[in-house]
Structures are given as structure tokens and as C-alpha cells.
């Protein structure tokens, strides 16, 4: 088993044994598994790569019939969108290195028995931006890294260029696999709106569009109900102090007029108050005191019930923003996604959910999936990383008024028309969903006799209804016309300032005369309409990158209960999911398989299988339309990052038990395999040889090296049944909190709910300023407000300190300062600017 970031597009799979290479082909999941088992039984070398049915960030590789002493190299190529990182206002690449313990019922595999001899491991990241964009910095918050801006590792002879950079991470294996590897890149022009159209390399007239932007707009803040869901399970051990500090920033930054509540959960859950309370000095003090007692000591990770309770006891006349703060280490993910999606999707629900994933090994499939279901967005942070700016970005997004009626229009230029005609067509890409379903034509069947004299009882086999093989598993389902245009995601996700949004469209197979010209993205809110028009760039070289990214996005939408089929209607206007209630899940699976096999992308219901040819060359993997077994993924059109991970071996014959160790916490006593796929998970460990070893080739995104030897691993694989979620740390002590507090954290803790600061010795120590004596007398001349005078001076001094000493962290304290300045204007009036000048002078700025 091995980890990948949830939702990536696995697009190529090859196995090299000695001088022979076998290429993987995407097939329907069960078909691929049966082909693999059949090849094994015939003595052929075969390989199978499958996604876990429970989580999209866990994958399995099985290898069969490797000759004794042989070495097989498994090469997996995947494509992924780079995530926007609010802390640095750049992009983030995460390379998972282990599958952390997860709560729930799932079979697991753990390495056993073999001797482990460490090897060095080196990762090289090459980043290349388009002309006109300059790379500012490349860094890794997870590991020490050396950076070279100007060159990339695979082209060292070219002249230095600011649009290129390379970073090298080198670490012993034991220091690598205990935490995810993260790279961050900051560059100019990363957030500018761009749109590309790609022509498929082999499918005639097939084109795909990708539009992406980091929105920048400002709207008046709303006053919602805000509920924080705080994970206190045992797996959060060591992560609680940093998360409590971030929650304090959340709490202190809340605007007046909101209602809020805190729910902490583990095996059970509890709310701070029965229902959310109005934000006030008293409720803020209660909340701050409540979270100081948090520890990772609440058992297992039961997320469903507390999330359900949040929606059940919400105020129906207010908008709702839910913040889930967790490491996401659970297997029961789909049920949580369905709950959030159903609640957020209700008419007039006016609710959103945001997730903050904490720590290495956090489940990206849960963090991203919950946010997508809740029409919010997700952010990830390592245990040692700063997260202040991320939580403020999320809070600002939650305070935005609801934006609705999103639409994506494509402008076409008819190149067959004369240039002066400038003929333009606006086509709404998903209109066809309302008229796409082709119901089965009613046909007159022949009359069946109720008395067939020649029929014997043994003839009643019940098998005459149609084929029952795997290849015919969808033949009984009603046919559905695929829309000419597939937009994914079908529902455009809500746009939030400074958070990247990407939309794909699989375009109609029109002749090339119809040329897309621009994309028009529109929406409405209570303050008026919003829109942006993005010119389209047509890529010159045919490729498959955008097509495969679009295909994987739509497959994941279908896997999580969304996608175009969820909105499809028949000719009478009835939803297909209602018309075919019992068969609809199979119809969804069929559509995901169609997309996956057409564009050669693995997912929940499609897998890669590679089978060795027979000596006569007759037993080759079956080719699928539009797929060349020798083709490789093309680089992304806007910006590219290639991953180069050569292995530096200390000993050539180093052995490894398992590079990716999967250990699980079982939530139920009855643990049985749910499907044949669960039993097949043990195949990796039952093979005649050593399990997975991590290695990546310089020209590909990732290589998994599997070295085999003749002696078989014992069939009885040892399962890890330790309940790690039950082991936790205690609450944060006041001494620990005080010792680790930064000046900013101290200011946060001292600010009153209304935004002001009261003068105290602790505040004076942070500010390195004393208002007594002549200084106080001078400031008193600038303001005279009776009993509030000293508080006014203290507040102005604190705001001045933030602006002058912590200017680089403006986004972190901006909402705190806004509250303070609003309070000051209410006390000082129009003279507030002059008063600030006097304070700056007194403080020596």
C-alpha cells in the first residue's frame, strides 16, 4: 500500500523486469483484478494498481510471478493540481510518505520480518513558470532544502532564468518517511486568471478547457453563526497546542454581531453551550478558558455525530459557517461527505463548511472532500508550520455574504466566417443536461406461452435474462446520452478571495472551425452581480494533460455523489436519480468507468493492470480507445513542476521490510473483508519477495521500486491492532502557554472582545513602552475621554505596535486592528488620525 494526495490523476503505469517492460491499461476495477489473477495463475508476470474503496488517498500495488532474485521497477505517473497556500500566497506540493493510523473499520497491511538497512533518499523538485513570471522563493516547511533559482536539474546548461528554479531535499530514510514532504513556491502572476484549450493527442476533435484564477474582490462582511469543530482524539497528540493558539486567533478576530460555539469531539462530543451565543466579552472569556483545557485525550475520531448535531441545532434564520479542525484520520469518509452535502444543499440552507488539516499524514481525501461537500475550501498545515494567516483567510471567507447563481459561458469564434464578421457565439456548456436522457424505447415482445410442454424443471436456470459476465455488468442499466459538454465540477464552487478555483470543460467534438475565444464566469450576490472574462489560449501541441485532469475531477465528483449525472433529467423533466432510484448508483459507476477508460485515468472504479506478453506476443494488454501504451503525461500548460527522486544507496543489497507502513485503529470488533478487493490488499505482502521500496526516476513524477526474492512472506500478515487514538496528551498548561507565547499571541490574548486593550504591565512589556509620567501627560492632551482615557491610549499603542513592528504579518492581525480602530473611532471621533500621530511620536516611530 502507498499514499497519494487525494484526488490525483494516476495516468500511467509500467513495470520493468530485466530488459522487458509491460504497460498498464485502465480497465473496470473487477475486470482488471480478474485479468491480474488469471495472468498470475498462468505463470505470467502481472501487476495491478488500485485505489482504496474507502479513501482516495490510499492506493494498493500487487505484483505477481517475479523470478527468484529478480528486480522489478514499477513506474507510476500522476497529475495533480497544485494547492493554493494562504500563508505564503503561493502554491504547495505535498508528497505523502506514509499512511497514518486511521480510526474505523478497514483492513491494513504492515511490513513484517525482513531486515531493514537504511538508504539515503534525495528528492529534486524542478519548477518552471511561463515567460513573464518570476519565481520569488522555493522552500520546504517539512525538511531542510537547498535551492537554486535560475536553473533546473534536467537542463543545467541553459542560461539562468528567473522563471526556473530547483530545490534538493536530502535526508536519511528514517528521517523521511515519518512526515510528509512539502514544497512551497511563490512566484509573480500566480493568481492571474488564465484559460487554456488543449487538443487531445489521439481522440479526433476532442478538446478540453481549463480555467483557473485566484479571485480578488471585496464585499461587506456578513454576521453568520460560526461553529468550530475541534478534533481532540488521540491521533491529535502533539498538535493541540498550535491548534489552540490558532483557535484563539479565530476567537479574538470574530466581529461584533456574530453568534459562535465550540464543539470538541473524540469518541463522544460536547458543545461549549447548548446553542451558539452572541459574541461578547463574557462569552469570549468563557471560550478562551474552555479551549485552554483541551488535550488529545478523547479517544477515537467519531466525526459524523458531532457534525450532524451542528446542523441540527443551528439557527435557521442565520447563515452558518462550520470550521472543522482535524487531522482527518478516519476511514468512514463518504458518510460524512453525504451528510455535509445534503445539509448544505438544502433550499435556503445558507451554510458552508471549511476544513483545516493539521499534521503530517492528515487524510487529504477527507480534508478536501469535506470542504468540497460544504462549498468551502480546505487548507493544510504541518505541526511545525505557522497557520495564523490561513485561519484568518478562512475566517474572512466565512464572513463573506453568500454568492449564488454561478454560471460559465464559453464564447466561440467561428473561424469559417470572414474576419470582419467577428461572429461570436455564447454557449452555456451544461444546458443539455435537461434534455439528455434517452429512455429505453418501448418494444413489443413476443408472446410467451404459459404452458411449454417440453420444459423440464432442471431447465429453470434463470440465466436467460442476459449475460452475467463482468464485461456485461452494466448491460441491464437504462441507456443515457452523454451531454455534448461536460463541465466539472458541475456546480461551480463558491469563489473566495485569494483562494484558487479551477474549472474544467470537456468540450463538444465540433470540427476545429468552432474555436473557443473566451470564458465568462458570472455570479450574483445581495450587493450586485459579479463577473470576469478570461481570454483563452490555445495550446499548440496536442496532449492529454488537461483532459486527464478534467476526467479525474469528474470521476471524483461522481464518486462523491455529485457530477453531471446527479443533475440529469429525462425527456419529462424527471431527475434520473429519482426515476431509477434502485439502479442509479450503478449508473454513476458506469459513467465513471466510461470516463476513466476513455481517458486512461485510474480511480475508485477503474484500475491499472499490466500483463506480460506471451512468447509469441499474442497475450498483450487490451488497448483502449484513445490510449497509446507508450505515451507519457505532458507538462502542464501554465506552470510545471517535475519531481526527481534518485536513490543514493549506502549498500547495494540493502533490504527493506516496507517503505510505506500502514497501521490502523479498528473501530469495531467484527472485522471482515467487505469485498474481494479487501482480500486482495494482502497480495502485496503474500508475494514471493520483498514489499514496496520508495524510489523516483529523474524523468518521471514517481517510481515505486519493488525488489523481490524467492522465499515467500508468511501468509499470516501481522495486523496492527493497537488503538493509537486512545493514546493522547493532556491539556496545555498555563506555564507552557506563557513560555511559548510570542508578542503577537500575547496581544491576541489581552485584547477585549470589543477590540480594545486595557493597560497592564504585561501589555507594557510586549510593547516595550510605558505610558506613565510625561508621556502619559502628552497623550492626555490629545484625548480626554474620562474613565476610558487610559484604555484609549493602550489600544492606540497596541495598534501602532502591530502596524510598525509586525507590518510583515498584516494579514494575520488585520481583523484585530480593524476591531480596535472601530472602537477608537467611537471614542475619539474625527480626531483619531491626529491621535495616532501623537502615539507614534511618543513610541518613537
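The values are calculated or read from the model by the stated rules, or taken from the named source; none is laboratory data. No experiment lies behind these values; they were computed from the predicted model shown. Using ideal geometry, Cβ is built from the backbone for each residue, glycine included, and neighbour counts are taken over all protein chains shown.
A compact table of results
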| read-out | value |
| --- | --- |
| Selected residue [assigned by TED's automatic domain parsing to the domain that holds residue 387, surrounded by fewer than 21 Cβ atoms within 10 Å (Cβ to Cβ) and at pLDDT below 90] from 274, 241 | 241 |
| Matching entry among 336, 284 (being touching a residue at least 60 places away in the same chain (Cβ under 8 Å) and either part of a helix (DSSP H, G or I) or on the phi < 0 side of the Ramachandran plot (or both)) | 284 |
| Enumeration of residues in region 528-544 that are in contact (Cβ under 8 Å) with a residue 60 or more places away in the chain and farther than 21 Å from residue 518 by Cβ | 541, 542, 543, 544 |
| Among the candidates 216, 223, residue that is under 24 Å from the mean Cα position of the chain (by Cα) and either outside any helix (DSSP H, G or I) or farther than 26 Å from residue 279 by Cβ (or both) | 216 |
| Filter result for residue 316 (surrounded by fewer than 20 Cβ atoms within 10 Å (Cβ to Cβ) and in a helix (DSSP H, G or I)) | no |
| Count of region 70-85 residues which are crowded, with 18+ Cβ neighbours inside 10 Å and outside any strand (DSSP E or B) | 3 |
| Test: residue in region 239-254 that is closer than 21 Å to residue 374 by Cβ, assigned to a strand (DSSP E or B) and touching a strand residue (DSSP E or B) at 6+ places or on another chain (Cβ under 7 Å) | no |
| Scan of region 392-406 for residues that are at pLDDT 90 or above and assigned to a strand (DSSP E or B), ordered by number | none |
| Residues located in region 495-530, provided they are in contact with a strand residue (DSSP E or B) (Cβ under 7 Å, 6 or more places away or on another chain) and outside any strand (DSSP E or B) | 495, 499, 500, 507, 513 |
| Pair list, Cβ under 7 Å, 6 or more apart: region 558-570 residue in contact (Cβ under 8 Å) with a residue 12 or more places away in the chain, other residue part of a strand (DSSP E or B) and surrounded by fewer than 18 Cβ atoms within 10 Å (Cβ to Cβ) | 569/575 |
| Residues that are outside any helix (DSSP H, G or I) and either touching a residue at least 12 places away in the same chain (Cβ under 8 Å) or over 18 Å from residue 477 (Cβ atoms) (or both), drawn from region 571-592 | 571, 572, 573, 580, 583 |
| Unmet requirement for residue 213, which otherwise passes all of (1) surrounded by fewer than 21 Cβ atoms within 10 Å (Cβ to Cβ); (2) within 30 Å of residue 97 (Cβ to Cβ) | (2) |
| Matching helices (runs of 4 or more DSSP H) fully within region 709-819 where at least 3 residues are modelled with pLDDT under 60 | 734-740 |
| Yes/no for residue 322 being assigned to a helix (DSSP H, G or I) and surrounded by 22 or more Cβ atoms within 10 Å (Cβ to Cβ) | no |
| Test: residue in region 106-118 that is at pLDDT below 80, in contact with a strand residue (DSSP E or B) (Cβ under 6 Å, 6 or more places away or on another chain) and buried (at least 21 other Cβ atoms within 10 Å of the Cβ) | yes |
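A quick yes/no check of all residues on (1) more than 44 Å from the chain's Cα centre (by Cα); (2) crowded, with 17+ Cβ neighbours inside 10 Å; (3) free of Cβ contacts under 8 Å to residues at least 24 places away in the same chain:
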residue: 801; (1), (2), (3): no, yes, no
residue: 804; (1), (2), (3): no, no, no
residue: 809; (1), (2), (3): no, no, no
residue: 824; (1), (2), (3): no, yes, no
residue: 831; (1), (2), (3): yes, no, no
residue: 838; (1), (2), (3): yes, yes, no
residue: 842; (1), (2), (3): yes, yes, no
